[in-house]
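Trainee: First the structure, then my questions, so here it is.
Where a number appears in this text, it was derived from the coordinates with a stated rule and is not lab data. Everything quoted here is computed from the prediction, not taken from an experiment. Virtual Cβ from ideal backbone geometry, glycine too; neighbours counted across all protein chains shown.
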Amino acid sequence: MAILVTGGAGYIGSHTCVELLDAGYEVIVVDNLSNSKEESLKRVREITGKPVKFYKADLLDRQAVNEIFKNEPIEAVMHFAGLKAVAESVSMPLRYYHNNITGTLTLLYVMQLHNVKKIVFSSSATVYGNPHTVPITEDFPLSAVNPYGQSKLIIERILSDLYNSEPGWNIAILRYFNPTGAHPSGRIGEDPNRIPNNLFPYITQVAVGKLKVLNVYGSDYDTPDGTGIRDYIHVVDLAAGHIKALQKLNENPGIVVYNLGTGRGYSVLEVVNTFSKVTGINIPFRFAERRPGDIATSFADPSKAKNELGWTAKYGLDEMCADAWRWQQNNPDGYK
Ligand code: NAD
Ligand code: UFG
């Protein structure tokens, strides 16, 4: 029996493929390569020494998805496929709602048709909106301030309604905090198409000389050094959390929601300083206006995942910096 990984050629999906293969699962990937390269899967095979079957298909193409389920012995789905750029979602809401929500609905219809009812879904800490306090537990009120976040909230609701409507569904919703870092081999990592939106890839591209200076968005937040605080989590830890969630669904069927974070927040300046300490590279930066929609502080209370899944993050900020840098240094132009 195999695990279907949607969006498996992407950043988090490719790292999760490695963990799945290392844990002995058979892996099948479906991806339309809209934000990734097939090269990532070649490298997953190289790292693990195991085969990965790949279907280049769009989740919006119901017939194509149906063919995959007809051909393959799929027992569960890990659903990463989606568009994820917050600012782009504001300028292209229809594209984001269509791709993320309709893509998920198509997948769920086909799963239902083939009686495959186990799914692990990539949600995001963005569903907590601007939290009233930190650390954030799973029962905090949910809200969204942009179409990307709305699409995650709506999909969470769809999954919960589906679970309530029909026995047998087995659903894990994983709310990621700030995934970063790369596989320690330096062979797979985050490969943004354009100028990165996120802090870590921006820093590594400054370090490698592709970008000149980091803009630090906001110096007057209500935080100790005035810059935004986030819960950065190593992508290998995140991937390991998916294996634990799958095991949980196998042992204890139901619907579950977990935060995947370290429980520790770092400010932008702490990240910049740690990156310089670990790599020996100075990162020039300047303070800029706050980025619209950003919040001051976000970090997880990860104790539910610890208690129920036996999962905790193993890697700290030093390893995130070292591994992100190894990937960038070895692959200055990503997979190109
Ligand atoms: P990514 O863009 O690297 O990976 C997503 C993959 O899905 C890409 O390979 C893309 O080509 C594919 N895809 C998109 N739409 C598709 C479609 N309609 N059909 C088939 N394939 C499609 O992004 P990522 O960082 O690996 O994120 C994976 C998931 O985790 C996403 O759902 C994202 O929203 C969620 N998430 C990411 C972060 C983050 O900071 N990276 C944080 C929270 C949640
Ligand atoms: N930042 C900068 N300069 C940059 C990029 C980011 O100062 O060039 C700052 C931001 O203002 C923020 C912190 O670095 O304080 C982290 O920003 P990221 O863009 O890396 O991450 P976000 O927390 O804004 O967003 C991430 C994901 C979203 C997801 C959100 C909540 O990118 O998809 O976490 O889970 F919705």
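Trainee: Mean 1/r over all different Cα pairs, inverted: what Kirkwood radius does the stretch 290-336 give, in Å?
Mentor: Every distinct Cα pair counted, the radius reaches 14.1 Å.
Trainee: How many angstrom separate the Cα center of the stretch 76-133 from the Cα center of the stretch 168-231?
Mentor: 20 Å
Trainee: Which percent of Cα pairs goes in each bin when the distances of the stretch 101-202 are cut into 5 angstrom slices starting at zero?
Mentor: In order of increasing distance, the bins hold 2, 10, 17, 18, 17, 16, 13, 6, 1 percent.
Trainee: Kindly identify the stretch 140-284 as rounded, prolate or oblate by the Cα gyration tensor criterion: order the square roots of the eigenvalues as a ≥ b ≥ c, call it rounded if a/c is under 1.5, otherwise compare a/b with b/c, prolate if a/b is larger, else oblate. Intermediate values should be presented prior to the final figure.
Mentor: Working: a/c = 2.38, a/b = 1.83, b/c = 1.30.
It comes out prolate by the Cα gyration axes.
Trainee: Now a separate question. For the chain, I need the span (max minus min coordinate) of the C-alpha atoms along each principal axis, in Å, sorted largest to smallest.
Mentor: That gives 54, 43, 39 Å along the principal axes, largest extent first.
Trainee: Further, regarding this structure: Taking only DSSP H segments of four or more residues, each worth -39500 (n - 2.57), what value at 222 nm results for the chain once the sum is divided by all its residues, to the nearest 500 deg cm²/dmol?
Mentor: Helices in the chain give a 222 nm mean residue ellipticity of -12000 deg cm²/dmol.
Trainee: If you don't mind, there's one more thing I want to ask. Take each of the peptides 156-166, 84-94, average the number of other beta-carbon atoms within 10 Å over its residues, and list them starting from the highest. Working shown, then result.
Mentor: Details: 156-166: 14.1, 84-94: 15.7.
The most tightly packed comes first, giving 84-94, 156-166.
Trainee: Here's another thing I want to ask about it. So how far apart, in nm, are the two label points at LEU33 and MET92 if each is 7 Å from Cα heading toward Cβ?
Mentor: 1.8 nm
Trainee: Another question about this same structure. Once you place label points 7 Å from the Cα toward the Cβ at THR102 and THR133, how far apart are they in nm?
Mentor: The modelled label-to-label distance comes out at 4.3 nm.
Trainee: Further question on the same structure: Convex hull over the Cα atoms of the stretch 231-300, averaged projected area in nm²?
Mentor: So the Cα hull casts an average projection of 6.7 nm².
Trainee: Considering every pair of different Cα atoms, what Kirkwood radius, in Å, is found for the stretch 256-336?
Mentor: The answer is 15.3 Å.
Trainee: Along the charge dipole of the stretch 134-277, Cβ charges K/R +1 and D/E -1, which of PRO167, PRO184, ASN259 sits furthest on the positive end?
Mentor: Projecting each Cα onto the dipole axis, the largest value belongs to PRO184.
Trainee: Quick check on the stretch 166-214: what does the Kirkwood estimate of hydrodynamic radius come out to from the alpha carbon pairs, in Å?
Mentor: Mean inverse Cα-Cα distance, inverted, gives 13.5 Å.
Trainee: Along the charge dipole of the chain, Cβ charges K/R +1 and D/E -1, which of ALA76, TYR11, HIS132 sits furthest on the positive end?
Mentor: Farthest towards the positive end: TYR11.
Trainee: I want the local charge near LEU309. Using Cβ-Cβ distances under 10 Å, sum +1 for each Lys or Arg and -1 for each Asp or Glu among the other residues.
Mentor: So the environment of LEU309 carries a net charge of +3.
Trainee: On each of the three principal axes of the Cα atoms of the stretch 1-131, give max minus min coordinate, whole Å, ordered largest first.
Mentor: That works out to 41, 33, 27 Å along the principal axes.
Trainee: Then there is this: Tell me which lysines have Cα within less than 21 Å of LYS277's Cα, excluding those fewer than 8 residues away on the same chain?
Mentor: Once the sequence-local lysines are set aside, what remains near LYS277 is LYS210, LYS212, LYS314.
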